[in-house]
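**Q** Okay, here's the structure, questions in a sec.
The values are calculated or read from the model by the stated rules, or taken from the named source; none is laboratory data. In this text the structure is predicted, and so the values were computed from the model without any measurement. Heads up, the Cβs are rebuilt from the backbone with ideal geometry, glycines too, and the neighbour counts pull from every protein chain shown. SASA here: full protein model, heavy atoms, side chains in, ligands and nucleic acids out. Shrake-Rupley method; radii C 1.70, N 1.55, O 1.52, S 1.80 Å.
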Amino acid sequence: MNNRPSVGIDVAKNFCFYAAVSPTCTTFLKPFKALNTKQGLLFALEQIKKVKEAFSSCPVIVLESTGHYSQRIVHFFLKQGLEVYYINPLISHSIKNSAVRKVKTDQVDALELAKLPFLQTFRPTTLPKEQIANLKVLTRTRCNLIEQRITATNQFQTAIEQVAPLFPNVLNPGSLTALTLVNKFPSPAEWPKKSNRKLIMTMLETLPRRGKLYAQQKYEALLSCAQDAEVTGIWITVHFSTIQRYVSIVQFLNSEIKVLDRQIGELSSQLLEVALLTSIPGIGDTLAPLLLGEIGDIERFINAKQLVAFSGIDPAVRQSGNYVGTKNKVTKRGSPFIRHALYIAAITSVRKESNGSQVNSVIYDYYTRKIETKTKKQALGAVMNKLIRIIFSVLKNKQPFTLITPDQQVELYQKAA
């Protein structure tokens with residue numbers, strides 16, 4: 001529980017409301033408004049210094065996690081050396097709703113936030129290591145661009161199917177070959193022309209690197225596709241120009257993602273944690289930076305259970321009286337980026353290589369045992385839970401992953417004891 005003065009901040013886009021309470025949880029500074037500008041933040045800092053001087057104790061700062069609006073405020077006060085509590089809105093909202101009267105204003109919210117440390121214990125927020133903070137921004141940007149590329153590729157496929165319905169059966173619309181070909185020759189009428197045959201054959205041979213036989217087969221399929229499109233397609237000029245626009249967007253996004261991949265790779269090479277994560281089978285050079293950026297400093301977590309909850313893959317428990325819920329879902333209250341990365345890692349970990357060997361034999365055996373009594377989706381959830389615990393152990397102990405069976409693990413534990 002808190003025995004220091006506290007300052008609550010209700011954050012909005014252009015301004016914040018501040019309120020301060022004494023170490024006895026009585027109002028010291030009535031709620032006041034300050035803009036989120038240099039002058040406004042410095043004014044708020046002066047008021048906070050008055051609180052410190054009045055009680056000879058540095059106040060704690062309390063505010064809700066409200067996306068990018070609150071992040072700048074948190075960063076500012078952490079740089080001033082103040083202790084900041086960055087509260088999950090689910091916690092603050094549940095306490096605000098405890099009052100009988102329904103009074104919802106920014107001033108009241110700021111005061112309620114200031115009183116939170118007297119009702120519950122929180123861990124202070126810390127500034128992440130600059131390299132990890134940069135990694136988080138880069139990997140999240142990459143995820144956003146990947147989503148945009150998927151959307152643009154789907155739009156391109158929709159457009160090309162209006163002109164040549166069979167085209168996706170010949171070439172993958174998202175492939176380099178398809179994008180290059182259609183950007184140069186958006187109209188199927190151009191594909192059979194003798195003047196274009198040599199250039200198209202060169203594209204089909206060199207871009208996928210599959211040889212002349214593959215190129216010849218694909219070209220014949222394209223000719224068949226063009227013949228079908230003469231009857232089934234809608235050949236109007238606007239469709240051709242629309243196709244080229246979508247192709248340009250996909251190609252631009254591809255180039256930007258490559259730039260991000262280089263930046264992420266350069267940054268990852270400087271971090272031991274990334275190398276530790278890539279030692280886990282199923283986690284490669286793409287997932288490791290994403291996971292590290294989302295997890296941040298592993299010292300924030302006391303045990304693996306906290307990291308599981310942070311990831312939002314802990315099961316929601318429902319029980320009341322004699323009723324016990326059996327169809328419990330995961331909470332999904334953590335980072336969606338880390339859950340996506342864990343899902344991809346889980347799928348990769350339980351698959352087999354082309355030679356028939358398992359990517360991760362221990363995880364595969366664990367998955368096969370789970371699938372005997374659970375659905376595939378539930379079994380993958382269990383694998384995700386196991387992977388995040390392995391990740392916690394690897395990062396906490398600063399030791400690369402070693403593939404051992406559960407029996408070997410028990411034997412090592414007994415020897416250590």
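**Q** Residue 12 - would you say it is open to solvent by less than 40 Å² (accessible area, probe 1.4 Å) and without any contact (Cβ under 8 Å) to a residue 24 or more places away in the chain?
**A** Against the criterion (open to solvent by less than 40 Å² (accessible area, probe 1.4 Å) and without any contact (Cβ under 8 Å) to a residue 24 or more places away in the chain), residue 12 does not qualify.
**Q** Out of the residues in the stretch 273-311 that are among the charged types (D, E, K, R) and farther than 25 Å from residue 144 by Cβ, state the one that is surrounded by the most Cβ atoms within 10 Å (Cβ to Cβ).
**A** Across the stretch 273-311, the extreme among qualifying residues is 305.
**Q** On the given criteria, is residue 158 open to solvent by 50 Å² or more (accessible area, probe 1.4 Å), β-branched (Val, Ile, Thr) and either in a loop (DSSP other than H, G, I, E, B) or within 25 Å of residue 14 (Cβ to Cβ) (or both)?
**A** Details: open to solvent by 50 Å² or more (accessible area, probe 1.4 Å): yes; β-branched (Val, Ile, Thr): yes; either in a loop (DSSP other than H, G, I, E, B) or within 25 Å of residue 14 (Cβ to Cβ) (or both): no.
Against the criterion (open to solvent by 50 Å² or more (accessible area, probe 1.4 Å), β-branched (Val, Ile, Thr) and either in a loop (DSSP other than H, G, I, E, B) or within 25 Å of residue 14 (Cβ to Cβ) (or both)), residue 158 does not qualify.
**Q** Under 7 Å between Cβ atoms, which residue pairs at least 6 apart in sequence (or on different chains) link something in the stretch 137-149 that is closer than 13 Å to residue 294 by Cβ with a partner that is open to solvent by 50 Å² or more (accessible area, probe 1.4 Å) and assigned to a helix (DSSP H, G or I)?
**A** 138/263
**Q** Condition first: within 20 Å of residue 92 (Cα to Cα) and surrounded by 14 or more Cβ atoms within 10 Å (Cβ to Cβ). Now tell me which residues in the stretch 15-28 satisfy that.
**A** Across the stretch 15-28, the qualifying residues are 15, 16, 17, 18, 19, 20, 21, 22, 23, 25.
**Q** If you go through the stretch 62-94 one residue at a time, how many are open to solvent by 40 Å² or more (accessible area, probe 1.4 Å), within 15 Å of residue 45 (Cβ to Cβ) and either assigned to a helix (DSSP H, G or I) or touching a Ser or Thr at 6+ places or on another chain (Cβ under 8 Å) (or both)?
**A** Count: 3.
**Q** Which of the residues spanning the stretch 259-271 are touching a residue at least 12 places away in the same chain (Cβ under 8 Å) and part of a helix (DSSP H, G or I)?
**A** If the condition is that a residue be touching a residue at least 12 places away in the same chain (Cβ under 8 Å) and part of a helix (DSSP H, G or I), then 260, 261, 263, 264, 265, 267, 268 are the ones that fit.
**Q** For the stretch 257-272, give me the residue count where each residue is open to solvent by 60 Å² or more (accessible area, probe 1.4 Å) and hydrophobic (A, V, I, L, M, F, W, C).
**A** The qualifying residues number 1.
**Q** Could you tell me which residue of the stretch 219-234 is surrounded by the fewest Cβ atoms within 10 Å (Cβ to Cβ), considering only residues that are among the hydrophobic types (A, V, I, L, M, F, W, C) and touching a residue at least 60 places away in the same chain (Cβ under 8 Å)?
**A** To start, the set of residues in the stretch 219-234 that are among the hydrophobic types (A, V, I, L, M, F, W, C) comprises 221-223, 225-226, 229, 231, 234.
From what is left, the residues that are touching a residue at least 60 places away in the same chain (Cβ under 8 Å) are 225-226, 229, 234.
Values: 225: 21, 226: 22, 229: 23, 234: 12.
Taking the candidates together, the pick is 234.
**Q** Where residues in the stretch 60-106 are within 23 Å of residue 3 (Cα to Cα) and of a type in the set (S, T, N, Q), which of them is modelled with the highest pLDDT?
**A** 80
**Q** List the pairs whose first member sits in the stretch 242-258 and is touching a residue at least 24 places away in the same chain (Cβ under 8 Å), whose second member is surrounded by fewer than 19 Cβ atoms within 10 Å (Cβ to Cβ) and not in a helix (DSSP H, G or I), and whose Cβ atoms are under 8 Å apart, counting only residues at least 6 apart or on separate chains?
**A** Pairs that qualify, where the first residue is touching a residue at least 24 places away in the same chain (Cβ under 8 Å) and the partner is surrounded by fewer than 19 Cβ atoms within 10 Å (Cβ to Cβ) and not in a helix (DSSP H, G or I), are 250/174.
**Q** Sticking with this structure for a sec: Which pairs turn up if I take residues in the stretch 203-215 that are modelled with pLDDT of 90 or more and look for partners that are among the acidic types (Asp, Glu) with beta carbon separation below 7 Å, at least 6 apart in sequence or on another chain?
**A** Matching pairs, first to second residue: 212/205; 215/205.
**Q** Also, quick follow-up: Please name all residue pairs, on different chains or six or more residues apart, with Cβ atoms under 6 Å, provided the first residue is in the stretch 341-366 and is under 17 Å from residue 378 (Cβ atoms) and without any contact (Cβ under 8 Å) to a residue 60 or more places away in the chain and the second residue is part of a strand (DSSP E or B) and open to solvent by 40 Å² or more (accessible area, probe 1.4 Å).
**A** Here the result reads 364/358, each pair linking the stretch 341-366 to a residue that is part of a strand (DSSP E or B) and open to solvent by 40 Å² or more (accessible area, probe 1.4 Å).
**Q** Right, here's the next one. Out of curiosity, is residue 13 part of a loop (DSSP other than H, G, I, E, B) and farther than 19 Å from residue 85 by Cα?
**A** Spelling it out, residue 13 is indeed part of a loop (DSSP other than H, G, I, E, B) and farther than 19 Å from residue 85 by Cα.
**Q** Taking residue 147 as the residue in question, decide whether it is charged (D, E, K, R), open to solvent by 30 Å² or more (accessible area, probe 1.4 Å), in a helix (DSSP H, G or I) and modelled with pLDDT under 95.
**A** no
**Q** Does any residue of the stretch 40-61 turn out to be of a type outside the set (Phe, Trp, Tyr), touching a residue at least 40 places away in the same chain (Cβ under 8 Å), open to solvent by less than 10 Å² (accessible area, probe 1.4 Å) and part of a strand (DSSP E or B)?
**A** Yes, the stretch 40-61 contains a residue that is of a type outside the set (Phe, Trp, Tyr), touching a residue at least 40 places away in the same chain (Cβ under 8 Å), open to solvent by less than 10 Å² (accessible area, probe 1.4 Å) and part of a strand (DSSP E or B).
**Q** Test of understanding: among 328, 355, 397, which residue is modelled with pLDDT under 85, open to solvent by 40 Å² or more (accessible area, probe 1.4 Å) and under 27 Å from the mean Cα position of the chain (by Cα)?
**A** That would be 328, the only listed residue that is modelled with pLDDT under 85, open to solvent by 40 Å² or more (accessible area, probe 1.4 Å) and under 27 Å from the mean Cα position of the chain (by Cα).
**Q** With the requirement that a residue be part of a loop (DSSP other than H, G, I, E, B) and in contact with a strand residue (DSSP E or B) (Cβ under 6 Å, 6 or more places away or on another chain), what does the stretch 104-134 give you?
**A** Correct list: 122, 124.
**Q** Has the stretch 235-250 got at least one residue that is surrounded by 18 or more Cβ atoms within 10 Å (Cβ to Cβ) and within 30 Å of residue 135 (Cβ to Cβ)?
**A** Scanning the stretch 235-250, I find at least one residue that is surrounded by 18 or more Cβ atoms within 10 Å (Cβ to Cβ) and within 30 Å of residue 135 (Cβ to Cβ), so the answer is yes.
**Q** Using beta carbons and a limit of 9 Å, which pairs, at least six apart or on different chains, have the first residue in the stretch 175-201 and part of a loop (DSSP other than H, G, I, E, B) and the second one among the small types (Gly, Ala, Ser) and open to solvent by 30 Å² or more (accessible area, probe 1.4 Å)?
**A** Partner pairs satisfying both residue conditions: 186/241.
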